[in-house]
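The values are calculated or read from the model by the stated rules, or taken from the named source; none is laboratory data. If you're wondering where the values come from, they're calculated on a predicted model, not measured in any experiment. All Cβ positions, even for glycine, are placed from backbone atoms using ideal geometry, and neighbour counts span all protein chains on display.
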Amino acid sequence: MFMFNSLVENNLKIISKLKKSLARPDLGAITGTILVFLFFILVARDTGMFSLEGTMNWGIVSSQFIIIAVGACLLMIAGEFDLSVGSMIGFAGIVIAVTSVVWGWPIWLSIIIAFILSMLLGALIGFIVIKTNLPSFIVSLAFLYILRGLTIFGSIHSTQKTIIGGINEVSKGDWLAPLFGGKIFTGLFTWFAEQGWIDVFEFGTRAGQPIVDGIPMMIVWAVVLVIFAHFLLNYTRFGNWIFASGGDAKAARYVGVPVDKIKILMFVFTAFCATVFATCQVIEFGSASADRGVLKEFEAIISVVIGGALLTGGYGSVIGATFGAIIFGVVQQGLFFIGVESSLFRVFLGIILLLSVIFNAHIRKIIIGKG
Amino acid sequence: METPIMQLTDIGKHFCSIKALSNVSIKIIQGECHCLLGDNGAGKSTFIKIMSGVHQPTSGQIYFSGEMTTIESPRSAIDSGIATVYQDLAMIPLMSVMRNFWLGRELVKNIGPFKIMDTKKCNAILMQEMEKMGISLHDPSQSVGTLSGGEKQSVAIARAVYFGAKVLILDEPTSALGVYQTEKVLKTIAKVREKGIAVVFISHNVNHALEVGDKFTVLCRGKTLGTAVRGKIDYAQLQYMMSGEKLN
Ligand SMILES: Nc1ncnc2c1ncn2[C@@H]1O[C@H](COP(=O)(O)OP(=O)(O)O)[C@@H](O)[C@H]1O
Ligand SMILES: [Mg+2]
């Protein structure tokens, strides 16, 4: 009888452990990433997708998704959405281009101003959400239109165009621009090439230089933001307050958590991430365009949801969102490598989004003890 | 007579045109369990929200340790030792017991320039406090949602006690519980009272109140009908008062 009891107890323990590991928010995204890699390694290994150059290609695209997903992730865990992210990307880019190229400001000042303006706008969105008690979905949707409209208007008004080039010229020799458009470890990569580990260009102006000559700042930013956000969320008291603000704002307020401040700060952080994205792109492309960033807000939210966060807030993971973004990047570029019609990518996204949401709802039931 | 740790006199509260409370007075004494009784909508929750800084009274005075004060916010209530466990939002279900327990007062340690939550210490103290309250917890990282209703209340009470509550306000902690769970929570309340903490126990169940209460104040449609002392009042009288009749 005693043996039987302890046997039952052990089994219960194993089951509860299993349930616990199943209830990790990032489990689905990690599994998904493994499956996606397996798929493309099988299907696309001859296409160069996993060569150094190919890896850089989907690495950069994934990093772009990661940068905006990190912001959206913390904001969603804090219980809010920001649909203005895409418009914010267009806005920040045009601010940089107009002030530096058209008005002749030094580009470091333009970049700083773009960051300040975006973050103030983020704060304004947060402030309106808090003060009006309206869903952030609606408030930020309003800003999706307002910002996009202002951006196009401002661009056309100052240059008669919606694309402003000439960024390369004004960013030469600048101290801040390389932080967004440069590459790191270039020396190391050149050395790799000298050792014959990396292919070099054989013809043309760059003959003799390595095909991949460093890690682009876009990737560096993605890594830094992921580490920062993951650390903040899981290891600091501020992170605990983010979870609480989204989990139950009222309950959090009652124990003295500054919920309003936290939500507003998360809107500011989302705007910061959008501006990092915008700045990297502007410096890399050498131009800004008023229609950049369209649909980015949804891509960010989808990454976060694939990453296991609940749309209702209070639960989620930066690591999950990161893997969600990697799935996004790898599949998008992978389909390109294997020559599949790119419109099918959207079909894939829709399906995986739906599956994630259903899966997350189930996990939620387990966590709140109704599963 | 002992000075009350907290005294509220002639408290009135309007929500726009709704008069939720008028002229409610109450004295809270350390080491006593003061039951606030009343039917649904009598104004019990509104009253204790005034005590805990969630609402400001429209009229009336609040004394804390004999001095007149205002309680501006939940934070300032907590800082002066007034802890509240709410009916429905005692805890955040999606978060772990540990994260809930420490919410707003997380222990931190310095790692280089960073301040991080001291998870090990947080877990250890949590388990210790739970044991003191007679609650067996398997795993501090278990989500609060997986606890039973009674366990939730008990964890919330243990939290308030640990953080040095002088006045512990419990808003209908037993109303959603079964018999067994209710017993457990009432036992926890008795333990808290033994520590010399003043307990304000809100209930619309007279039996629960009689089991742990020292004083009984009945609210009816926003008015008090007076305070009665344990032993000088019985079930029938309390029940009668709750339905809206005067105390003799
Ligand atoms: N925030 C509020 N705004 C408007 N009316 C309220 C508010 N809170 C409570 N009331 C009203 O005050 C009265 C007392 O409510 P409450 O204190 O919750 O009663 P109880 O907790 O005793 O059931 C009710 O009529 C309720 O509708
Ligand atoms: Mg109530």
Q: Output the qualifying pairs, or none if there are none: Cβ atoms under 6 angstrom, residues six or more apart or on different chains, first residue in the stretch B:156-174 and away from every other protein chain (no Cβ under 12 Å) and within 16 Å of ligand 2 (Cβ to nearest atom), second residue β-branched (Val, Ile, Thr) and part of a helix (DSSP H, G or I).
A: B:Pro173/B:Val185; B:Thr174/B:Thr182; B:Thr174/B:Val185
Q | Options B:Asp171, B:Asp214: the member that is within 16 Å of ligand 1 (Cβ to nearest atom), at pLDDT 90 or above and touching a strand residue (DSSP E or B) at 6+ places or on another chain (Cβ under 8 Å) | A | B:Asp171
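Suppose we filter B:Gly38, B:Gly31, B:Gly60 for residues that are in contact with a helix residue (DSSP H, G or I) (Cβ under 8 Å, 6 or more places away or on another chain) and either over 15 Å from B:Val200 (Cβ atoms) or within 12 Å of ligand 2 (Cβ to nearest atom) (or both); which single one remains?
On inspection, the qualifying residue turns out to be B:Gly38.
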Q. With (1) touching a residue at least 24 places away in the same chain (Cβ under 8 Å); (2) within 12 Å of chain A (Cβ to nearest Cβ); (3) in a loop (DSSP other than H, G, I, E, B) as the list, and B:Gly134 as the residue in question, which single condition is left unmet?
A. (2)
Q: For residues that are near ligand 1 (Cβ under 9 Å from one of its atoms) and hydroxyl-bearing (Ser, Thr, Tyr), scanning just the stretch B:19-74, find the one that is nearest to B:Leu238 (Cα to Cα).
A: B:Ser45
Q. Among the residues of the stretch B:40-47, is any out of contact with any Asp or Glu (no Cβ under 6 Å at 6 or more places or on another chain), closer than 21 Å to A:Ala251 by Cα and β-branched (Val, Ile, Thr)?
A. yes
Q. Do we have any residue at all in the stretch A:128-139 that's at pLDDT 95 or above, within 22 Å of A:Ala288 (Cβ to Cβ) and assigned to a helix (DSSP H, G or I)?
A. no
Q) Using beta carbons and a limit of 9 Å, which pairs, at least six apart or on different chains, have the first residue in the stretch A:157-169 and in a loop (DSSP other than H, G, I, E, B) and surrounded by 11 or more Cβ atoms within 10 Å (Cβ to Cβ) and the second one polar (S, T, N, Q) and modelled with pLDDT of 90 or more? A) A:Lys161/A:Ser155; A:Thr162/A:Thr151; A:Thr162/A:Ser155; A:Thr162/A:Ser289; A:Gly165/A:Ser287; A:Gly166/A:Ser100; A:Gly166/A:Ser287
Q. Applying the selection to the stretch B:67-99, what residues are at pLDDT below 90, more than 23 Å from B:Phe201 (Cβ to Cβ) and not hydroxyl-bearing (Ser, Thr, Tyr)?
A. B:Arg75
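Going by the structure shown, is A:Val331 more than 14 Å from every other protein chain (Cβ to nearest Cβ), in contact with a His (Cβ under 8 Å, 6 or more places away or on another chain), surrounded by 15 or more Cβ atoms within 10 Å (Cβ to Cβ) and of a type outside the set (S, T, N, Q)?
Details: more than 14 Å from every other protein chain (Cβ to nearest Cβ): yes; in contact with a His (Cβ under 8 Å, 6 or more places away or on another chain): no; surrounded by 15 or more Cβ atoms within 10 Å (Cβ to Cβ): yes; of a type outside the set (S, T, N, Q): yes.
It is false that A:Val331 is more than 14 Å from every other protein chain (Cβ to nearest Cβ), in contact with a His (Cβ under 8 Å, 6 or more places away or on another chain), surrounded by 15 or more Cβ atoms within 10 Å (Cβ to Cβ) and of a type outside the set (S, T, N, Q).
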Q) Is the stretch A:214-227 home to any residue that is under 23 Å from the mean Cα position of the chain (by Cα), at pLDDT 95 or above and within 14 Å of chain B (Cβ to nearest Cβ)? A) yes
Q) Scanning for something among the aliphatic types (A, V, I, L, M), surrounded by fewer than 23 Cβ atoms within 10 Å (Cβ to Cβ) and over 14 Å from the mean Cα position of the chain (by Cα), does the stretch B:85-94 turn up at least one residue? A) no
(Q) I'm told A:Val257 meets every condition in (1) β-branched (Val, Ile, Thr); (2) within 23 Å of A:Ser303 (Cα to Cα); (3) crowded, with 22+ Cβ neighbours inside 10 Å except one. Can you identify the failing condition by its number? (A) (2)
Q) With respect to B:Leu107, is the statement that it is buried (at least 22 other Cβ atoms within 10 Å of the Cβ), free of Cβ contacts under 8 Å to residues at least 24 places away in the same chain and farther than 14 Å from B:Lys184 by Cβ true? A) no
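Looking at the stretch B:14-25, which of its residues are within 16 Å of ligand 2 (Cβ to nearest atom) and under 21 Å from B:Thr3 (Cα atoms)? Quick ask: steps written out before the conclusion?
Our first condition is that a residue be within 16 Å of ligand 2 (Cβ to nearest atom); within the stretch B:14-25, this holds for B:15, B:18, B:20-21, B:24.
Once the filter is applied, which keeps residues that are within 16 Å of ligand 2 (Cβ to nearest atom) and under 21 Å from B:Thr3 (Cα atoms), the stretch B:14-25 yields only B:Val24.
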Q. Say we look at the stretch A:228-247 and pick out the residues that are crowded, with 23+ Cβ neighbours inside 10 Å and in contact (Cβ under 8 Å) with a residue 60 or more places away in the chain; which of these is farthest from the other protein chains (Cβ to nearest Cβ)?
A. A:Ala229
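Give the residue that is nearest to the chain's Cα centre (by Cα), with candidates limited to residues of the stretch A:334-371 that are β-branched (Val, Ile, Thr) and within 14 Å of chain B (Cβ to nearest Cβ).
Filtering first and then ranking leaves A:Ile363.
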**Q.** Within the stretch B:116-147, tally of residues that are surrounded by fewer than 17 Cβ atoms within 10 Å (Cβ to Cβ) and closer than 12 Å to B:Met91 by Cα
**A.** 0
Q: Please go through the stretch B:41-53 and pick out each residue that is within 13 Å of ligand 2 (Cβ to nearest atom) and on the phi > 0 side of the Ramachandran plot.
A: B:Gly41, B:Gly43
Q. What helices (runs of 4 or more DSSP H), lying completely within the stretch A:193-282, carry at least 2 residues that are over 19 Å from A:Met76 (Cβ atoms)?
A. A:217-235, A:249-254
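If you go through the stretch A:49-69, how many residues are β-branched (Val, Ile, Thr) and out of contact with any Leu (no Cβ under 8 Å at 6 or more places or on another chain)? Even if it seems obvious, please write down each step before you answer.
In the first step, residues of the stretch A:49-69 are kept if they are β-branched (Val, Ile, Thr); the result is A:55, A:60-61, A:66-68.
Then drop every residue that is not out of contact with any Leu (no Cβ under 8 Å at 6 or more places or on another chain), which leaves A:55, A:60-61, A:68.
Within the stretch A:49-69, residues that are β-branched (Val, Ile, Thr) and out of contact with any Leu (no Cβ under 8 Å at 6 or more places or on another chain) number 4.
Regarding B:Ile50, is this residue under 22 Å from B:Glu194 (Cα atoms), touching a residue at least 40 places away in the same chain (Cβ under 8 Å), within 14 Å of another protein chain (Cβ to nearest Cβ) and within 13 Å of the chain's Cα centre (by Cα)? Quick ask: steps written out before the conclusion?
On the way: under 22 Å from B:Glu194 (Cα atoms): no; touching a residue at least 40 places away in the same chain (Cβ under 8 Å): yes; within 14 Å of another protein chain (Cβ to nearest Cβ): yes; within 13 Å of the chain's Cα centre (by Cα): yes.
No; evaluated as a whole, the condition is false for this residue.
Does the stretch B:139-151 hold any residues that are more than 10 Å from chain A (Cβ to nearest Cβ) and over 13 Å from B:Trp102 (Cα atoms), and which are they? Walk me through how you get there before you give the answer.
Applying the first criterion (more than 10 Å from chain A (Cβ to nearest Cβ)) to the stretch B:139-151 yields B:140, B:149-151.
Scanning the stretch B:139-151 gives B:Gly149, B:Gly150, B:Glu151.
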Q: Identify, by number, the condition in (1) under 30 Å from A:Thr190 (Cβ atoms); (2) buried (at least 24 other Cβ atoms within 10 Å of the Cβ); (3) at pLDDT below 95 that A:Thr279 doesn't meet.
A: (3)
